[in-house]
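Participant: Mind having a look at this structure? Questions to follow.
The values are calculated or read from the model by the stated rules, or taken from the named source; none is laboratory data. In this text, all values refer to a predicted model and were calculated from it rather than measured experimentally. FYI the Cβ positions are ideal-geometry reconstructions off the backbone, even for glycines, and counts take in every protein chain you see.
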Amino acid sequence: MKYVSKFSATLLLICAAVLPTIASAIMVPVTIVEAPRYPAPTGNECERAGITIPATGPIVVRNNYGGSTLLMVQCRDIILSLGRPVVLGGNIWSSPTFLLTLPNSCAESDAVFAFHASRHKLTGRLQARNTAGIFDMGSRRRLAQNFADNWNNREFTFVKGSELAQFDVPVCAHHG
């Protein structure tokens, strides 16, 4: 019986010491701030994504085979804020296709675009909803819908720039 009462006394002391700390941690007011879907760009994302922005004139993106979805979305936001024309030509694969969602972008008729759903960097799992959401951010509703219905999968779908006109993407003159 003595053992049980010493145990009970020890348990009571531990609870008396720990519970106020736990209670104060629980009672701390919590402010919930909704984080943005993607962090705000810091300024060099376009360069890191292989896109050079000239001081003036149109932004020409040519032969970009993609990379980080996050970098390209941030670069897209930078280019959007500039409000300048964007010309997409050559081979535009994967994440640079997001630039087609910009209201001032156009596709050269002989350009080749490769669309697919993004994959998680570590697990390789498809992130189809994420990719469709990126296309839906832009002004080209028919492009976003077609992407969600037909191109949002693991395999690449190759589309010529001249074919994108049916999805409200303007075809622009070739820039050298």
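Participant: Can you tell me which residue in the range 85-104 is nearest to the chain's Cα centre (by Cα), limited to those that are surrounded by fewer than 21 Cβ atoms within 10 Å (Cβ to Cβ) and in a strand (DSSP E or B)?
Facilitator: 93
Participant: Residue by residue through the range 134-166, note down the ones that are modelled with pLDDT of 90 or more and either touching an Asp or Glu at 6+ places or on another chain (Cβ under 8 Å) or not β-branched (Val, Ile, Thr) (or both). Step through it out loud before you land on a result.
Facilitator: Step one: list which residues in the range 134-166 are modelled with pLDDT of 90 or more, which gives 158-166.
Within the range 134-166, 158, 160, 161, 162, 163, 164, 165, 166 qualify.
Participant: What about residue 126, is it under 15 Å from the mean Cα position of the chain (by Cα), modelled with pLDDT under 70 and closer than 19 Å to residue 69 by Cβ?
Facilitator: Numbers: under 15 Å from the mean Cα position of the chain (by Cα): yes; modelled with pLDDT under 70: yes; closer than 19 Å to residue 69 by Cβ: yes.
Taking the combined requirement at face value, the residue satisfies it.
Participant: All but one of (1) outside any helix (DSSP H, G or I); (2) modelled with pLDDT of 90 or more hold for residue 79; which doesn't?
Facilitator: Evaluating residue 79 over (1) outside any helix (DSSP H, G or I); (2) modelled with pLDDT of 90 or more leaves (1) as the failure.
Participant: Quick one: is residue 66 modelled with pLDDT under 90, in a loop (DSSP other than H, G, I, E, B), over 24 Å from residue 173 (Cβ atoms) and in contact with a Ser or Thr (Cβ under 6 Å, 6 or more places away or on another chain)? Steps first, answer last, please.
Facilitator: On the way: modelled with pLDDT under 90: yes; in a loop (DSSP other than H, G, I, E, B): yes; over 24 Å from residue 173 (Cβ atoms): yes; in contact with a Ser or Thr (Cβ under 6 Å, 6 or more places away or on another chain): yes.
Yes, satisfied.
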